[in-house]
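These notes are about the structure you will find just below.
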Amino acid sequence: MKVVVLTGAGISAESGVPTFRDADGLWHGHRVEEVATPEAFARQPSLVHRFYDERRAALAAVAPNPAHAALARLEDRLGDDLLVVTQNIDDLHERGGSRRVVHLHGQLRSALCRGCGERFPWHDALGDGPACPRCGRRELRPDVVWFGEIPYDMDRVLAALGRADLFVSIGTSGAVQPAAGFVGYAAGQGARTLELNLVPSHGSHLFDEARHGPASELVPAWVDDLLR
Ligand code: BV8
């Protein structure tokens, strides 16, 4: 059985990573859409760097939860027949043991050089304008996809959705495109669709089945069912 799992901020909430809807989508009083755009970076690079430097530093204090671990267990059994597509820029899927993970919106622990286009694993701050390890220019930016930018690996994701027998959405409000449209695309390709979320998401009505509750309970129970 070929399975595609889409995850959002809700799967990391119980690990202590705030969701976007927490604090009503505000960061220090800024609407997230205000600091997560190329325009904001051009206008106030130090503010945007602080937004990501703080979130990157906070990763050291959080750990994967049973929902991340359950998906890694599922991957052990399904291998290439499972693809995890996450909107999250944290590294909790990988630290939970998952290997086949697409970060549609980028990663906090990665830096992208706007000068030479190279990417680098990055755990420190970017706010003090470090030089690019390859070209030396001070052109490093957070390797994340901002609003108005093209998500990463869309071809790989659409190909997997096109082959999927089952599409499962975990911990996402379904407020951001193109991820919010994946359920419709997968269903159109003949996949069964399941939502696992704390509360009904914006697109809950689009799923064949929806189960509501904390991911740390719903996801291990769903994986046990599937593997049984
Ligand atoms: C693009 C990285 C073209 C940075 C992010 C008008 C109409 C429609 C679309 C648009 C429009 N205007 C603009 C657009 C496009 C725009 C968009 O969708 N805007 C929205 C706001 C309307 N999209 C884009 O710009 C995208 N690019 O469209 O390019 C294109 C398209 C297709 C193909 C080629 C090109 C780029 C979007 C990416 C932006 N970057 N993140 C960063 O992280 O700072 S988006 C960011 O916000 C996240 O990555 C995520 O995607 C989104 C947040 O959503 P969630 O993860 O779902 O989190 P949220 O807090 O909302 O919800 C959490 C859910 O979990 C809740 O339902 C809650 O109940 C649940 N939950 C909570 N606790 C638990 C739980 N569930 C289970 N257990 C729990 N314990």
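Bear in mind that the values in this text are calculations on the coordinates, not laboratory data. Here the structure is a predicted model, which means the values were calculated and not measured. All Cβ positions, even for glycine, are placed from backbone atoms using ideal geometry, and neighbour counts span all protein chains on display.
So for segment 91-194: antiparallel DSSP bridges make up what percent, rounded to the nearest 5? If you can, show how the numbers build up before the last one.
Values: 7 of 10 bridges.
Rounded to the nearest five, the antiparallel share is 70 percent.
For a protection proxy built on the mean count of beta-carbon atoms within 10 angstrom, sort 127-140, 49-62 highest first, please. Write out the running numbers ahead of the final one.
Values: 127-140: 13.9, 49-62: 16.6.
Those peptides, ordered most packed to least, come out 49-62, 127-140.
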query: By counting other Cβ atoms within 10 Å of each Cβ, how are ARG228, ARG119 ranked from fewest to most?
result: ARG228, ARG119
query: Against the longest alpha carbon principal axis of the chain, how many degrees, from 0 to 90 and to the nearest 10, is the axis of helix 66-78 turned?
result: 70 degrees
- prompt: If you plug each phi of segment 121-130 into the Karplus form 6.51 cos²θ - 1.76 cosθ + 1.60 with θ = phi - 60°, what whole-Hz ³J(HN,Hα) values come out, in order, with x for Gly and Pro?
  reply: x, 9, 10, 9, 6, 10, x, 8, x, x
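Give me the number: length gained by fully extending ASP128 to VAL199, i.e. 0.36 nm times residue separation minus the C-alpha to C-alpha distance, one decimal in nm.
Numbers: separation 71, 0.36 × 71 = 25.56 nm, distance 4.02 nm.
Computed gain between ASP128 and VAL199 is 21.5 nm.
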query: Non-local amide H neighbours of SER110 (under 5 Å, H modeled in plane, Pro and chain starts lacking H): which ones?
result: TRP122, ASP143
query: Taking only DSSP H segments of four or more residues, each worth -39500 (n - 2.57), what value at 222 nm results for the chain once the sum is divided by all its residues, to the nearest 500 deg cm²/dmol?
result: -9000 deg cm²/dmol
- request: Report relative contact order for segment 10-110 in percent, whole number only (criteria: Cα-Cα under 8 Å, sequence separation at least 6).
  value: 23 percent
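Could you put ILE170, ILE150 in order, starting from the residue whose Cβ has the fewest other Cβ atoms within 10 Å? Walk me through the intermediate numbers first.
Details: ILE170 23, ILE150 7.
Placing the least packed residue first, the sequence is ILE150, ILE170.
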- prompt: Under the definition of Cα pairs under 8 Å and six or more residues apart, what whole-number percent is the relative contact order of the chain?
  reply: 23 percent
statement: With Cα springs under 10 Å, the Gaussian network model of the chain assigns the largest mean-square fluctuation among THR172, THR86, THR37 to THR37
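Report the calculated FRET efficiency for CYS135 and GLU33 (r = Cβ-Cβ distance, R0 = 45 Å), to the nearest 0.05. Don't skip to the answer; put the middle values down first.
Details: r = 31 Å, r/R0 = 0.69.
Using R0 = 45 Å, I get an efficiency of 0.90.
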field: Gain upon complete extension [MET1, ASP76; 0.36 nm per residue less C-alpha separation]
entry: 25.6 nm
message: Could you identify which residue out of PRO200, PRO214, PRO121 has the top mean-square fluctuation in a GNM of the chain using Cα springs shorter than 10 Å?
response: PRO121
task: Neighbouring Cβ atoms within 10 Å as the yardstick, rank PHE41, PHE120 fewest first.
output: PHE120, PHE41
task: Work out from phi, with θ = phi - 60° and the Karplus expression 6.51 cos²θ - 1.76 cosθ + 1.60, the ³J(HN,Hα) of each residue of segment 169-179, listed in order in whole Hz, and give x for Gly and Pro.
output: 10, 10, x, 9, 7, x, 9, 10, 8, x, 4
